[in-house]
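Report on the following structure.
Quick note: the coordinates plus some simple rules give every number you see, no bench work behind them. This is a predicted model, so every value here is computed, not measured. Neighbour counts run over all protein chains shown; Cβ positions are idealised from the backbone, glycine included.
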Amino acid sequence: MTQQTQPGKAPILLPLALIALGAALIAIAVLVPFYSEDELVKASLGERITLVSPAQSAGQDAPGIDQEFPAQVIDRCSVGDGSPKAAVLSAKATIRTYVTVEEPSTENTVTYQAGTSVLVSEVKARGDGQPKTLTPVALQRPAPGAPEPKLPWSDGQCDNGLLLATVDRVTVGRHNGLPVAKGLSEVQVEPEQQARLLPNRSGQQYRFPFDTSSKGQYQYFDLTTGSAFPATYVENTEISDIKTLHFRVDIPETDLALVNAPAGVDEGKLTLPPGTALTKPLDWWNIPNVSGKQDQTMHRFYKNGVDLYVDPDSGVIVRERQDMHQYFAMPFSAREAASPDLKAFTLTIFSGVFDYDPQTVEATVKQAKSYRDDIALLGRTIPIGSAVLGLVLLAGGGVIYYRLTR
């Protein structure tokens, strides 16, 4: 009678290991789609992108808009002492934002630093209407012993092409893009001044959440006002083969002189932030049907209409279009007693329609597609591959075990 040979310990371990590995891979295939949504799909810590938004031509039929110089900017040389009248120039202007990731950034949070500059490269010169190139350089520190320059519109600085420069820093969640509690939130406007804290920041700003929905309730943070406003879904729009969600944000007329004013404090007792109010003789303002030598103080106002085109899968803002207006006007508190002409008067400081240029859209589309590839890898490729390989290993391990134990 032939004696049946029992398998040794070493051979029997191989099929058991294959079965265990196959079961583990199947478990991974089941769990990864649920785990990846919040834990694996996150904003990259290596992001670095330049967003360039030139002023756009409004079309040949747009009244009062120079198609070659579509932005409007106050003639800063007319603001200096001795100029009899205010003037507004047609200009070529660009908003440029350089976004990088900085510390502190962690497994679940990312800190964005965004340096934004508003540059005027060329204006139609005063008087003859000929183009004039400005110098787009930042103000330099004075040499030792030299007097401090008078800012912002005198001592030759009125032809500086740099209108505004800010550095914004904010720490947000890597999945939802929202500011985190006790995270970094500050903005710096003047190089020589400390950054101003923005402790109550809320809403989306540099990105939207992964899996953004047309039915979601989103707020958009506007840095100029320091407030968040509703982002209302408009429609689906395709941009470079990506189906984006178009959101509209309407930022109402806001008095920038009073944005950070304490509630209940009399306006006349406030120290207004530099650049948010200007006092000039009535004649200088050039108000229709109004004249006089007495001083008139105007506040700086701002309003904006922002169109955001968001890739729903990654939350990347593929395109951003702004219809921005900054201007001097009567303070709200003085309008009721003012004449109709004074009440209706505005003097443009800076305005225009600004939209991402083709190179910027190409870069944001590339960024969105990179995230989409990662999402597909985590959501489909890895689970499907793990499931198939797990089944193969289970089957192979079972067959080997059966043959060894026959």
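Ranking Leu164, Leu184, Leu197 by how far each Cα lies toward the positive end of the dipole of the stretch 158-202 (charges on Cβ) leaves Leu184 at the top.
State whether the stretch 200-300 is rounded, prolate or oblate according to the following rule on the C-alpha gyration tensor (a ≥ b ≥ c being the square roots of its eigenvalues): a/c under 1.5 gives rounded; otherwise a/b larger than b/c gives prolate, and the remaining case gives oblate. Mind showing how you got there, number by number?
Working: a/c = 4.03, a/b = 2.14, b/c = 1.88.
Here the stretch 200-300 falls in the prolate category.
Here the 3J(HN,Hα) profile of the stretch 180-192, calculated from phi with Karplus coefficients 6.51, -1.76 and 1.60 at θ = phi - 60°, is 9, 4, 6, x, 5, 7, 7, 9, 10, 9, 9, x, 8 Hz, Gly and Pro shown as x. The H on the amide N of His175, modeled in the peptide plane, is under 5 Å from the matching H of Ala43, each at least 5 residues off or on a different chain. When the stretch 332-374 is described by a simple charge dipole with +1 on each Lys and Arg Cβ and -1 on each Asp and Glu Cβ, the residue from Ala334, Val353, Ser370 located farthest towards its positive end is Ala334. Under the classification rounded if a/c is under 1.5, otherwise prolate if a/b is larger than b/c and oblate if not, where does the stretch 63-113 fall, given a ≥ b ≥ c as square roots of the Cα gyration tensor eigenvalues? Oblate is the answer for the stretch 63-113, as a/c is 1.5 or above yet b/c matches or exceeds a/b.
Based on the Cβ-Cβ distance from Ala27 to Thr271, what FRET efficiency comes out when R0 is 60 Å, to the nearest 0.05? Don't skip to the answer; put the middle values down first.
Numbers: r = 64 Å, r/R0 = 1.07.
Computed FRET efficiency for Ala27 and Thr271: 0.40.
Modelled spin labels at Gln113 and Val189, positioned 7 Å past Cα toward Cβ, are 2.1 nm from each other.
With an 8 Å cut-off on Cα pairs and a minimum separation of 6 or more residues, tell me the relative contact order of the stretch 254-346 in percent.
Relative contact order for the stretch 254-346 comes out at 25 percent.
Sequentially through the stretch 287-303, phi angles give Karplus couplings (6.51, -1.76, 1.60; θ = phi - 60°) of 7, x, 6, 10, 8, x, 9, 5, 6, 10, 9, 10, 9, 8, 10, 8, 8 Hz, Gly and Pro residues having no value and appearing as x. In plain terms, the chain from Ile49 to Thr297 could stretch by 85.2 nm, reckoned as 0.36 nm per residue minus the Cα-Cα distance.
In order along the stretch 356-370, phi translates into HN-Hα couplings of 3, 7, x, 5, 5, 4, 4, 5, 5, 5, 4, 4, 5, 5, 5 Hz, rounded to whole numbers, per the Karplus curve 6.51 cos²θ - 1.76 cosθ + 1.60 with θ = phi - 60° and x for Gly and Pro.
So which of Lys85/Lys343; Lys303/Lys366; Lys42/Lys366 end up more than 24 Å apart, counting from Cα to Cα? Beyond 24 Å: Lys303/Lys366.
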